[in-house]
Amino acid sequence: MTSQIATRCWFQPPSVRDTLRRLPTQIDLYSRVLDSATLVVADRHADHARMLVPEWWGVYIANWSSGKVQLEVEAEPQAN
């Protein structure tokens with residue numbers, strides 16, 4: 001017998017104009033149901049966002065360079 005395990009993952013890519021005002025509520029709700037989560041955040045929000053998200057969340061920092069968005073991995077997501 002073979003079984004498959006489905007996982008629920010989430011990537012949150014806010015725009016550079018977004019604030020982190022809603023993030024605490026989103027963290028609480030998504031942490032209840034997701035198997036892993038990754039926050040993609042603008043560089044200017046990185047320090048504050050990292051203090052808010054649980055350690056198991058991934059954090060990618062989005063930087064605009066040469067007309068392209070480049071992602072820097074600050075923290076890899078772990079299992080919830």
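Taking 0.36 nm per residue of sequence separation and subtracting the Cα-Cα distance, how much length would be gained by fully extending the chain between Val33 and Ala79, in nm to one decimal?
Taking 0.36 nm per residue and subtracting the Cα distance, the gain is 15.4 nm.
Highest mean first, what order results for 31-37, 65-71 on Cβ atoms within 10 Å?
31-37, 65-71
Residues in the stretch 39-53 near a label at Ser66, defined as backbone nitrogen under 20 Å from the 7 Å Cα→Cβ point?
So the set is 43.
Since every read-out is calculated from the coordinates, none of them should be taken as a lab result. Keep in mind that what you see is a predicted model, and the values were worked out from it rather than measured. Methodologically, a virtual Cβ is constructed for each residue, glycine included, from the backbone with ideal geometry; neighbour enumeration extends over all protein chains shown.
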